[in-house]
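Report on the structure given below.
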Amino acid sequence: MKKSIALIAVLGLVLAGCATDGGDGAEEGVSCEREDLTLVQEGVLTIGTDEPAFPPWFDFDGGPSTGTGFESAVAYAVAEELGFTAEEVEWVVVPFNNSYAPGEKEFDFDINQISITAERDEAVDFSDGYYNVNQALLGFSDSDIAAATTIEELRAFRLGAQVGTTSLDFINDVIQPETEPLVYDTNADAKAAFDAGQLDGLVLDLPTAFYVSAVEIEGSTVIAQFPSGGDEGEQFGMLFEEGNPLRDCVNEALANIDLAALQQEWLSDVVDAPVIEIS
Amino acid sequence: MTEAEAPRRSTGMSPGRARRLAFQRSQRRRSLAIGAISSLVVFGTLAVIIVSSPGWEAVKESFFSWEDFKASFPDILYGFRRNVRIFLIAEVLILIVALLLAVIRNSRSPLLTPLRLGATAYVDVIRGIPTIILLYLFGFGIPALDLQGVPNSQEFWAIATLVVSYSAYVTEVYRAGIESVHESQRAAARSLGLTSAQSMRFVVLPQAVRRVIPPLLNDFVALQKDSALVALLGVQEAFRKSQIYVAKTFNFTAYLVAALLFLLLTIPLARFTDYLIRRQQKRVTGGSL
């Protein structure tokens, strides 16, 4: 009897080892059957995102639970793969700045245009990337910055971004402007400052920049997008509490989803912004 | 000279007074010792409880990391210079604006009634609105109007907001000072031939301002801390600098660095305020208590 328990324990350890070694070796280690999933709340899939959640990622008025917008669609597709109906998905509000801080989470995963970075990965776990993101520069089409065509020409301008974002890192590390960038608590604040003319340019992820220019801020345009290198570059990932076994199951689900089709449906209009190559 | 008087003269002190002083000395020593021991026991126990708690190692690592302290310090100090500049400029402007408002509120000429009403409404309205909301309204709202000739810099609107907000409080401090000067002072000044404005300027205000210096300094301690609010407008001051560092590293030591810098300014000011209050009490009571 004792021997068999020990055997099972050893077997379990070996399997767990496989799972962590393989990264996405979910089928060997953790069961992704619905009843075996470790969830924050029994019987429902709890997904986090910020509020307000903006298009083209979510539906601004209806909130994340409408299935409208790219991230909402991806979240529901993952939920379906995991065996949850739309009614069994519950959304919780998670401010961006809190999402990747270390500690216990109140969501099973968070989907909120969060780029996968090595620094964040030390504090939380990420799914595989579900979107290859380019940073983009938003400016007013009748202003001086609209004529810029190289990174060097952008250095003279007053730029802004949200605190803690890869957009801010992009300004500091790649553009390296002559005047210190302005840094805001939220994208909403950054947009307000840009709209009020306190910034020459605002750095955002490309789909967001495209939406802002088309719908939110009149006279603004996407001056440039900065290709980050496709699958090798910057990617958005779903965020999990460090060590959450659900991550492997979500990766498995993501592999079965036609992300390209969802992207075509929700984000197809963002490709035609001018490109500035990063030297 | 009687026999009883002789010893008093030789020591300059009656035996009763000497005993009383000796007793007071021993009492002082005793309360000092009790105070020291009780502080030691209380703070020592607290320290032991904190350090031996299971989460201490994690807390030490994420809040008291010497490496992160050193790494984040230069940037935060750079940002802190902005805080200092913002509140130094704001403080001077607040003192002037608030004094004007207070004098208007305490004016008696019927001609100035509209100004008096305006000043009262200003204080009532502004004092009731949280500074953070004012900051959004002024910092993003007014520049968005795109008015000709209105400055657009973040720091300008940050300072403007702090001046508008704090002037409302400081007006009331001044007013309390002005009203604390006895009516007879004004009456005496008028009887000497001073005009109403002159008696306010030369008789009432000098006394009033001296009385309210401690509460004024108290408001400035608050103002120094509130200079961190201007980060909302995008200005990279000490708090924002530390927030950027924390967002990169998930180590909260950088917040501690910012807090320490603020303390370095506010604690001396708080001690100075206490000293002024004590000095003032001495003057009022003639040093007899």
Item to check | Of all residues making up segment A:179-189, the number that are facing chain B (nearest Cβ under 7 Å), within 20 Å of residue A:51 (Cα to Cα) and crowded, with 21+ Cβ neighbours inside 10 Å | outcome: 3
Checklist entry - (1) within 14 Å of another protein chain (Cβ to nearest Cβ); (2) loosely packed, with under 15 Cβ neighbours inside 10 Å: which one isn't true of residue B:128, the others all being true? => result (1)
Item to check | Checklist (1) at the interface with chain B (Cβ under 10 Å from one of its Cβ atoms); (2) surrounded by fewer than 23 Cβ atoms within 10 Å (Cβ to Cβ); (3) closer than 17 Å to residue B:140 by Cβ; (4) not acidic (Asp, Glu) applied to residue A:172, failing item | outcome: (3)
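Results for (1) in contact (Cβ under 8 Å) with a residue 12 or more places away in the chain; (2) hydrophobic (A, V, I, L, M, F, W, C); (3) farther than 25 Å from residue B:219 by Cβ; (4) out of contact with any strand residue (DSSP E or B) (no Cβ under 6 Å at 6 or more places or on another chain), shown as yes or no for each residue.
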| site | (1), (2), (3), (4) |
| --- | --- |
| B:135 | yes, yes, no, yes |
| B:143 | yes, no, yes, yes |
| B:152 | no, no, yes, yes |
| B:157 | yes, yes, no, yes |
| B:173 | yes, yes, no, yes |
| B:189 | yes, yes, yes, yes |
Checklist entry - What are the pairs, 6+ residues apart or on separate chains, where a residue within segment B:223-239 that is without any contact (Cβ under 8 Å) to a residue 40 or more places away in the chain has its Cβ under 9 Å from a residue that is outside any helix (DSSP H, G or I) and crowded, with 24+ Cβ neighbours inside 10 Å? => result B:231/A:183; B:231/A:184; B:231/B:237
Checklist entry - Which residue, of B:187, B:259, B:270, B:197, is under 30 Å from residue A:184 (Cβ atoms), away from chain A (no Cβ under 14 Å) and surrounded by fewer than 18 Cβ atoms within 10 Å (Cβ to Cβ)? => result B:259
Checklist entry - Can you spot a residue in segment A:201-215 that is within 14 Å of chain B (Cβ to nearest Cβ) and charged (D, E, K, R)? => result no
Checklist entry - Could you list, in sequence order, the residues of segment A:126-156 that are within 14 Å of another protein chain (Cβ to nearest Cβ) and surrounded by 16 or more Cβ atoms within 10 Å (Cβ to Cβ)? => result A:140, A:143
Next on the checklist: So for segment B:151-160 (the condition being more than 11 Å from chain A (Cβ to nearest Cβ) and among the aromatic types (Phe, Trp, Tyr)), does at least one residue qualify?
Outcome noted: no
Checklist entry - Among the helices (runs of 4 or more DSSP H) contained in segment B:120-200, which hold 2 or more residues that are modelled with pLDDT under 95 and closer than 26 Å to residue B:235 by Cβ? => result B:131-136, B:154-180
Checklist outcome for this item: Of the listed residues (B:94, B:89, B:104), the one being out of contact with any Gly (no Cβ under 7 Å at 6 or more places or on another chain) and at pLDDT below 95 is B:104
Next on the checklist: I'm told residue B:231 meets every condition in (1) assigned to a helix (DSSP H, G or I); (2) within 14 Å of chain A (Cβ to nearest Cβ); (3) farther than 30 Å from residue A:168 by Cβ except one. Can you identify the failing condition by its number?
Outcome noted: (3)
Checklist entry - Going by the conditions given, is residue A:192 more than 14 Å from every other protein chain (Cβ to nearest Cβ) and farther than 27 Å from residue A:109 by Cα? => result no
Next on the checklist: Of all residues being hydrophobic (A, V, I, L, M, F, W, C) and surrounded by fewer than 21 Cβ atoms within 10 Å (Cβ to Cβ) in segment A:94-113, which is modelled with the lowest pLDDT? Just the residue, please.
Outcome noted: A:101
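The values are calculated or read from the model by the stated rules, or taken from the named source; none is laboratory data. Please read all numbers here as calculations on a predicted model, not as lab measurements. Glycine gets a Cβ as well: all are built from the backbone with ideal geometry, and neighbour counts include every protein chain shown.
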